[in-house]
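For reference, the structure discussed in these notes is given below.
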Amino acid sequence: DSSLWRSAHKNRINMAFKGEDHLDSLPLPVQRMHLIQVDSVQRWMEDLKLMTDCECMCILQSKPISIEKEEQNELLLSSQYSTCDNLQLLLKRAWIISTELTRIAQKLEKNRWQRVHSMTVRVNCHVRSMINEYSTFTMNSSEEMHQFEKLLIDKCSEFTAFTERCIQTEDEQTLKSMKSCINETLTTVAQYFGQLIELVLAHEAQNLLRQIELSDSVYITESAISSLFSLTQEGAHLCRIIAKEGGVVTLFKICRQDCFRCLYPQTLRTLASICSVEEGMHQLEKVDGILCLADILTDNTHSEATHAEAAAVIAQITSPHLTFTQHLSSFLENMEEIVTALVKLCQEASSGEVFLLASAALANITFFDTMACEILLQLNATKILLAACSDKHIVDTPYSRDQVVTILANMSVLDQCASEIIQGNGVQLLMEMLFERSSSGNSAEVAACERVQQKSAVTLARLSRDPEVADAAVKLSCIPRLIKLCRSPTERNNSDSVLVACLAALRRLAVISPDGLEDSDFQQLVKPRLVDSFLLCTNMEESFV
């Protein structure tokens with residue numbers, strides 16, 4: 001057997017450098033490196049276990065390495081990981097299979113029969129390896145899972161047999177007639193594979209949730225929650241599975257038990273991830289999750305970390321980007337308590353991260369309901385937020401300034417807000433925000449800087465209906481800055497939303513101080529219709545300035 005393996009391995013190395021599609025023949029670890037563009041020995045080492053198992057199965061036809069059962073068990077146990085590691089291994093294997101199935105479809109479209117067959121053999125091996133690996137760390141697989149495992153293995157064997165017949169014939173008519181059968185089989189394999197993965201992930205989510213519900217041990221519960229959180233980071237689909245299996249209900253039970261107080265931050269962080277999907281939000285409403293979050297936020301005996309993670313859940317469920325928040329009727333009942341607690345958290349925040357989470361929750365709430373702005377005004381939130389902005393250790397990123405200016409922009413629709421802004425030197429802050437630029441060039445940070453510029457201009461435009469604010473803005477030279485943002489695309493990072501906001505603010509200030517503009521600025525940026533000025537500015541070259 002070992003000589004067979006060495007011979008096959010040598011043939012694969014020789015194949016790797018023949019023909020134009022040599023990448024397809026490379027060992028799979030190298031393929032993955034090309035696919036994800038990570039030239040890393042560490043990545044190769046992580047993938048090595050997956051690939052060696054696959055090679056053994058391909059050449060040895062699933063024969064055990066050791067004849068004695070005890071020795072085989074020792075080998076399996078030596079490579080055991082934690083539940084979280086096992087799930088990551090499973091997801092990695094599933095990703096490889098999914099990628100291979102996609103590439104088979106592409107090669108099939110081009111009638112590359114030799115490639116189709118070799119890749120089908122690989123998928124067959126990967127599927128068997130995945131099922132064998134999963135069986136080594138799960139103890140209570142359901143009958144339905146066993147049925148799908150058998151269906152998938154049988155269909156993969158059928159798939160391999162089909163493609164093998166294809167490479168043994170050269171008759172174009174025969175190949176053409178077989179192609180539809182292969183396509184149909186490929187579709188069935190993909191369906192069975194998807195259903196099996198769905199069942200496996202649901203099963204593992206159930207196991208983790210059962211551990212959390214039944215354990216009185218802080219250590220075991222913490223480990224299970226940590227594994228659950230890792231699953232939520234794999235994407236929205238896994239969050240939906242966890243929500244459907246009752247994850248939100250189970251985690252809120254933890255948040256209602258004093259004996260698990262030390263696990264509240266971790267539990268709330270996991271809840272925030274699950275509640276990014278609609279199924280999680282529905283579960284939250286059913287278990288009175290809003291009331292529980294309000295209790296945590298208003299309980300001064302909890303740590304700042306717990307309060308911050310509760311604020312993160314609030315920020316998640318009130319996100320203006322979600323389309324399924326309308327059913328949060330209980331939020332309105334607890335909104336005043338929650339807003340009060342969040343303002344206090346902003347005021348007492350010991351770090352930029354805590355302030356960011358609390359202010360993000362407040363910013364989202366101001367979109368969620370206009371009554372929140374009135375509550376913020378009563379709580380002197382404007383003064384607190386403006387004071388925080390003067391502390392560079394607390395408001396230390398464009399992301400934090402984005403939250404602050406969002407709150408100010410939404411509050412600025414209230415007439416009483418203008419005097420608060422004046423007293424807190426807010427016009428000066430808004431002027432500084434018009435100069436917001438990214439220091440790193442990171443795309444997310446650049447986008448945050450654009451939002452800061454846009455919202456500061458919007459806030460100035462709204463507040464400038466008050467003559468006192470408009471006068472202060474003119475004295476701080478806001479008009480020249482707004483003109484530059486309009487005329488210079490690089491100053492606003494070519495953002496159209498910043499341009500529109502600056503044009504609106506400039507027109508409002510021009511009414512108060514027409515002498516602050518040159519005639520050309522007035523004729524091009526103020527006098528025409530807004531859309532005409534917008535088109536003029538978007539077509540300007542940098543050399544025009």
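The values are calculated or read from the model by the stated rules, or taken from the named source; none is laboratory data. Remember, it's a predicted structure, so these values are computed and weren't measured experimentally. As a convention, Cβ positions derive from the backbone with ideal geometry for all residues, glycine included, and neighbour counts pool all protein chains shown. All accessible areas refer to the heavy atoms of the entire protein, side chains included, with ligands and DNA or RNA removed. Shrake-Rupley method; radii C 1.70, N 1.55, O 1.52, S 1.80 Å.
Each row is one residue, and each column tells you yes or no for (1) crowded, with 21+ Cβ neighbours inside 10 Å; (2) acidic (Asp, Glu).
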site	(1), (2)
Ala372	yes, no
Thr382	yes, no
Ser400	yes, no
Ala409	yes, no
Val413	no, no
Cys417	yes, no
Ile422	no, no
Glu432	no, yes
Phe435	no, no
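Of the residues that make up region 403-421, is at least one more than 27 Å from the chain's Cα centre (by Cα), within 23 Å of Gln454 (Cβ to Cβ) and not assigned by the TED database to the domain that holds Leu499?
no
Within region 462-470, does at least one residue satisfy the condition of being at pLDDT 90 or above, of a type in the set (Lys, Arg) and open to solvent by less than 20 Å² (accessible area, probe 1.4 Å)?
For region 462-470, residues at pLDDT 90 or above, of a type in the set (Lys, Arg) and open to solvent by less than 20 Å² (accessible area, probe 1.4 Å): absent.
Filter region 101-158 down to residues that are among the aromatic types (Phe, Trp, Tyr) and either farther than 16 Å from Leu91 by Cα or outside the structural domain of Leu199 (by the TED database) (or both), then give me how many there are. Walk me through how you get there before you give the answer.
First, the residues of region 101-158 that are among the aromatic types (Phe, Trp, Tyr): 113, 134, 137, 148.
This time we only want the ones that are either farther than 16 Å from Leu91 by Cα or outside the structural domain of Leu199 (by the TED database) (or both), so: 113, 148.
The qualifying residues number 2.
Yes or no: Ile225 β-branched (Val, Ile, Thr) and over 19 Å from Val313 (Cβ atoms)? Walk me through how you get there before you give the answer.
Details: β-branched (Val, Ile, Thr): yes; over 19 Å from Val313 (Cβ atoms): no.
In short, no.
Given the structure, is Val343 of a type in the set (Val, Ile, Thr) and either part of a loop (DSSP other than H, G, I, E, B) or farther than 21 Å from Glu420 by Cβ (or both)?
For Val343, the condition - of a type in the set (Val, Ile, Thr) and either part of a loop (DSSP other than H, G, I, E, B) or farther than 21 Å from Glu420 by Cβ (or both) - is not met.
Tell me whether region 191-199 contains one or more residues that are small (Gly, Ala, Ser), surrounded by fewer than 12 Cβ atoms within 10 Å (Cβ to Cβ) and assigned by the TED database to the domain that holds Asn86. Show your work before the answer.
Step one: filter region 191-199 for residues small (Gly, Ala, Ser), giving 194.
Subset that is surrounded by fewer than 12 Cβ atoms within 10 Å (Cβ to Cβ): none.
No, every residue in region 191-199 fails to be small (Gly, Ala, Ser), surrounded by fewer than 12 Cβ atoms within 10 Å (Cβ to Cβ) and assigned by the TED database to the domain that holds Asn86.
Scan region 95-147 for residues that are farther than 19 Å from Ile197 by Cα, open to solvent by 70 Å² or more (accessible area, probe 1.4 Å) and under 31 Å from the mean Cα position of the chain (by Cα) and jot them down.
Gln106
Exactly one condition in (1) basic (Lys, Arg); (2) farther than 17 Å from Ala310 by Cα; (3) assigned to a helix (DSSP H, G or I) is false for Lys392; which is it?
It is condition (3) that Lys392 fails.
Which residues, counting only those in region 331-350, are at pLDDT below 95 and under 25 Å from the mean Cα position of the chain (by Cα)?
Correct list: Phe331 only.
Identify all residues within region 438-461 that are modelled with pLDDT under 90 and at negative phi; write none if there are none. Explain how you work it out, then say what you get.
Quick first cut of region 438-461, residues modelled with pLDDT under 90 only: 438-442.
Residues satisfying the conditions are Ser438, Ser439, Ser440, Asn442.
Quick one: count up the residues across region 484-543 that are without any contact (Cβ under 8 Å) to a residue 12 or more places away in the chain, buried (at least 17 other Cβ atoms within 10 Å of the Cβ) and closer than 22 Å to Glu468 by Cα.
The number of residues fulfilling the criteria is 0.
Among the residues of region 401-412, is any free of Cβ contacts under 8 Å to residues at least 24 places away in the same chain and out of contact with any strand residue (DSSP E or B) (no Cβ under 6 Å at 6 or more places or on another chain)?
Within region 401-412, none of the residues are free of Cβ contacts under 8 Å to residues at least 24 places away in the same chain and out of contact with any strand residue (DSSP E or B) (no Cβ under 6 Å at 6 or more places or on another chain).
Go through (1) at pLDDT below 75; (2) under 30 Å from Ser226 (Cα atoms) and name the single condition Thr136 misses.
Thr136 satisfies all of (1) at pLDDT below 75; (2) under 30 Å from Ser226 (Cα atoms) except (1).
Just one of the numbered conditions (1) over 23 Å from the mean Cα position of the chain (by Cα); (2) open to solvent by 20 Å² or more (accessible area, probe 1.4 Å) is not true of Ser276; which one?
(1)
Return the only residue of Ala311, Ala294, Ala360 being surrounded by fewer than 24 Cβ atoms within 10 Å (Cβ to Cβ), touching a helix residue (DSSP H, G or I) at 6+ places or on another chain (Cβ under 8 Å) and either closer than 22 Å to Arg451 by Cβ or not acidic (Asp, Glu) (or both).
Result: Ala294 is the single residue among Ala311, Ala294, Ala360 that is surrounded by fewer than 24 Cβ atoms within 10 Å (Cβ to Cβ), touching a helix residue (DSSP H, G or I) at 6+ places or on another chain (Cβ under 8 Å) and either closer than 22 Å to Arg451 by Cβ or not acidic (Asp, Glu) (or both).
Out of region 222-260, which residues are open to solvent by 20 Å² or more (accessible area, probe 1.4 Å), assigned to a helix (DSSP H, G or I) and in contact (Cβ under 8 Å) with a residue 60 or more places away in the chain?
In the first step, residues of region 222-260 are kept if they are open to solvent by 20 Å² or more (accessible area, probe 1.4 Å); the result is 222-223, 226, 229-230, 233-237, 240, 244-245, 249, 253, 256-259.
Cutting the leftovers down to assigned to a helix (DSSP H, G or I) gives us 222-223, 226, 229-230, 236-237, 240, 244, 249, 253, 258-259.
The answer is Ser223, Ser226, Ser230.
Just one of Val249, Val277 is outside the structural domain of Lys92 (by the TED database), closer than 22 Å to His203 by Cβ and at pLDDT 95 or above; which is it?
Working: Val277 fails: at pLDDT 95 or above.
Going through Val249, Val277 in turn, just one is outside the structural domain of Lys92 (by the TED database), closer than 22 Å to His203 by Cβ and at pLDDT 95 or above: Val249.
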